[in-house]
Amino acid sequence: MENSDKKIILAAEKIIHAKHLVAFTGAGISVESGIPPFRGAEGLWSKYDPQVLDLGYFHQYPLASWNVIKEIFYDFFGTARPNAAHDALAELEKMGLLKCVITQNIDNLHQAAGNTVVHEFHGNSHKLVCTKCKRHFELAEINLEVLPPKCVHCNSLIKPDFIFFGEGIPMQAYQASHVAAEKADVFIIIGSTGEVSPANQIPIHAKNTRATIIEVNPENSRYTHFITDIHLKGKAGEMMTKLMEQIDQKLKAKKG
Ligand code: APR
Ligand code: ZN
């Protein structure tokens with residue numbers, strides 16, 4: 001039997017017997033939905049200047065910033081649909097095996113797949129906020145054909161409610177993620193380089209509080225030789241599909 005198959009079987013065993021399974025996702029889980037990662041050969045930051053997500057630049061050049069933000073996060077991301085990996089995490093929640101998803105992604109694909117407990121460490125592009133009166137808006141309420149969008153209440157600049165470089169992590173998501181990492185006895189990392197802090201401290205916190213770390217990534221990440229116990233080396237869609245097949249087989253065998 002292939003070593004990779006043995007790892008899938010081992011990971012499936014860990015998940016079935018987990019008391020508190022938590023998933024932690026990065027841009028890699030959405031690549032098969034057509035959303036490029038931020039880093040790597042085809043990464044967004046190799047095409048666009050990350051300064052559009054710098055808070056100072058955004059306030060100084062709102063139109064220039066919004067033109068790129070709209071192109072990346074609304075025109076391009078907007079059509080993306082959940083893939084097999086998102087569906088697997090939604091299924092694990094439905095089966096009562098997965099307690100929550102902690103995601104660095106802002107693409108709303110975990111919610112679209114059906115997960116209901118999602119801690120969004122970097123916010124969500126489907127929500128927007130007025131930079132002055134702090135009123136929140138749903139994406140459907142904002143006309144992105146007129147840029148930069150202005151608040152209907154105070155006519156101030158509206159920004160996407162995901163964090164820009166230089167902004168703090170949403171407190172509720174930060175705290176809930178740390179609690180979940182602490183409680184986790186099995187922690188599955190899907191599609192993250194582990195390069196961005198403080199998000200990259202969450203898997204380390206889970207490891208330090210004795211979780212078994214399963215990692216799904218076609219490449220090695222900062223986690224792989226540091227905290228990962230079982231590395232399922234492959235694309236999220238393919239690995240999560242194989243994992244779910246194994247979990248189903250084992251649960252059927254358990255039922256007898
Ligand atoms: N399946 C699984 N993993 C994949 C796939 C795939 N099909 N394709 C790529 N990957 C992996 C890459 O190997 C890489 O490790 O996904 C990871 C993507 O890395 P990043 O683009 O750095 O994504 P992430 O770790 O989520 O970045 C963190 O950086 O710019 C900020 O706020 C942004 O949330 C983002 C944060
Ligand atoms: Zn306002």
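The values are calculated or read from the model by the stated rules, or taken from the named source; none is laboratory data. Please read all numbers here as calculations on a predicted model, not as lab measurements. So basically every Cβ, Gly included, is an ideal-geometry build from the backbone, and we count neighbours across all protein chains shown. Ligands, DNA and RNA are stripped out before the accessible areas are found, and what is left, the full protein with its side chains, is counted by its heavy atoms. Shrake-Rupley method; radii C 1.70, N 1.55, O 1.52, S 1.80 Å.
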*Against the longest principal axis of the chain, how steep is helix 3-16, in degrees 0 to 90 to the nearest 10, with axes from Cα atoms?*
80
*For the chain, with every protein chain kept in place, what is the accessible area per residue (1.4 Å probe, Å²)?*
48
*Could you tally the net charge around Thr212, taking each other residue with its Cβ under 14 Å from the Cβ of Thr212, Lys/Arg +1 and Asp/Glu -1?*
+2
*What is the ratio of the Cα radius of gyration of region 132-256 to 2.2 N^0.38 Å, where N is its residue count, to two decimals?*
1.46
*Work out the length of the dipole vector of the chain about its Cα centre, built from +1 on the beta-carbon of each Lys and Arg and -1 on the beta-carbon of each Asp and Glu, and round it to the nearest 20 debye.*
680
*asked:* Just to confirm a number: summing +1 for Lys and Arg and -1 for Asp and Glu over residues other than Ile69 whose beta-carbon lies under 13 angstrom from that of Ile69, what do you get?
replied: -3
*Taking region 131-256, how many lysine pairs are there with alpha carbons less than 29 Å apart, if each pair must be eight or more places apart or span two chains?*
29
*Share of region 109-242's accessible area from carbon and sulfur, percent, 1.4 Å?*
51
*Go ahead and estimate [θ] at 222 nm for the chain from helices alone: -39,500 (n - 2.57) per DSSP H run with n ≥ 4, summed, over the residue count, rounded to 500.*
-10000 deg cm²/dmol
_Eligible aspartates and glutamates near Lys47 by straight Cα distance, threshold 20 Å, same-chain separation 8 or greater_ = Glu32, Glu71, Asp75, Asp107, Glu195
*Just the Cα atoms of the chain: what Rg and Dmax do they give in Å?*
19.0, 65
*Highest mean first, what order results for 91-97, 17-23 on Cβ atoms within 10 Å?*
17-23, 91-97
